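Working notes for the structure below.
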Amino acid sequence: MPGELVIYEQPLNERMRIFMRLEHLFSQALYNLRGASVWDSRQTLETLIDILNVFDRTDLKTEVLKELERHTASLARLEQSPGVDWDKLNRVLDEIEVLLEGLYNYSGRIGQALRENEFLSTIRQRSVIPGGTCDFDLPLYHHWLERSPEERIRDLERWLTDFEPIRLAINLILRLVRSSAAPAPALAAAGFFQRSLDPGIPYQMLRVSLPATSALYPEISAGKHRFTVRFLIASRDQRPTQTEEDVDFQLTSCPI
């Protein structure tokens, strides 16, 4: 499949689903953080609140520690395998060790200082109301937004720093998962593909690749024992329908 590809990913467990959502939110926050406009700062702060809401639902520090330790054990077993790139393996193991040490040394609940910040808490409470962060609703927020871009960015950087150990760990975990398998060619007959999953292999993620020029997109459904991919004709005005043509695509089943 020559040319640029678009990759569609599907997490295969709840832990991976949360990690990928946080990856998305962190990327969004850091992108908007660079902007100098009031709307950039608003978007960064709204994303920061979304991140806090995700952290409130589960003990992410424990989840990330478990995943890092699992990867350490998996990679350590590779030391006995022939043809292993020792330098690369040791660099990754060292990187994991540094992240583990940082998380173990992090005292308290991640994001707790932000939960106790009265300014952020007020905005967080109002943000659940459509348009609830208007200037007349939150004059203190309006006052902050009228500060210089440099001052706003410094505040946002300081607040986001609280999540940096987790962000770095999640980035590494997802990088290892995505690189744990090579894409293989596959064919969806009449736009439909199904395959069983080996229950003895801890698959973490599926990746489906299509040419960027394709008029199709995949709808991926996965359970413990099998997964299906339906290729739909993209439409922004009508209900998408499954193609009746055979579809060549690339499939990556990430097992690490």
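The values are calculated or read from the model by the stated rules, or taken from the named source; none is laboratory data. Keep in mind that this is a model prediction, so the values were computed, not measured. Cβ atoms come from the backbone with ideal geometry, glycine included; neighbour counts cover every protein chain shown. Each accessible area value is taken on the protein alone, full model and side chains, heavy atoms only, with ligands, DNA and RNA left out. Shrake-Rupley method; radii C 1.70, N 1.55, O 1.52, S 1.80 Å.
A few points about this structure:
So that you can scan it fast, the table gives a plain yes or no per residue for (1) open to solvent by 20 Å² or more (accessible area, probe 1.4 Å); (2) touching a Lys or Arg at 6+ places or on another chain (Cβ under 8 Å); (3) farther than 25 Å from Asp94 by Cβ:
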| position | (1), (2), (3) |
| --- | --- |
| Ile7 | yes, yes, yes |
| Leu12 | yes, no, yes |
| Gln28 | yes, no, yes |
| Ala36 | yes, no, yes |
| Asp40 | yes, yes, yes |
| Glu46 | yes, no, yes |
| Asp50 | yes, no, yes |
| Thr72 | yes, no, no |
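- Which listed residue, of Leu48, Leu25, is hydrophobic (A, V, I, L, M, F, W, C) and more than 18 Å from Leu172 (Cβ to Cβ): Leu48
- Residues of region 232-240 include at least one that is in contact with an Asp or Glu (Cβ under 8 Å, 6 or more places away or on another chain) and part of a strand (DSSP E or B).
- When the helices (runs of 4 or more DSSP H) confined to region 24-116 are screened for residues that are acidic (Asp, Glu), under 23 Å from the mean Cα position of the chain (by Cα) and closer than 23 Å to Glu14 by Cα, those reaching at least 1 such residues are found at 38-57, 60-77.
- For region 142-164, a residue qualifies if it is buried (at least 18 other Cβ atoms within 10 Å of the Cβ) and part of a helix (DSSP H, G or I), and the qualifying residues are Arg152, Ile153, Leu156, Trp159, Leu160.
- Qualifying residue in region 99-121 (condition: more than 24 Å from Trp159 (Cα to Cα) and modelled with pLDDT of 90 or more): no
- Out of Leu187, Leu232, Leu206, sole residue that is at negative phi, surrounded by 17 or more Cβ atoms within 10 Å (Cβ to Cβ) and either touching a residue at least 12 places away in the same chain (Cβ under 8 Å) or within 23 Å of the chain's Cα centre (by Cα) (or both): Leu206
- One residue stands out among those in region 91-117 that are closer than 17 Å to Leu52 by Cα and of a type in the set (Gly, Ala, Ser): the one that is surrounded by the most Cβ atoms within 10 Å (Cβ to Cβ), which is Gly111.
- When restricted to residues that are free of Cβ contacts under 8 Å to residues at least 40 places away in the same chain, of a type in the set (A, V, I, L, M) and part of a strand (DSSP E or B), region 209-229 contains 1.
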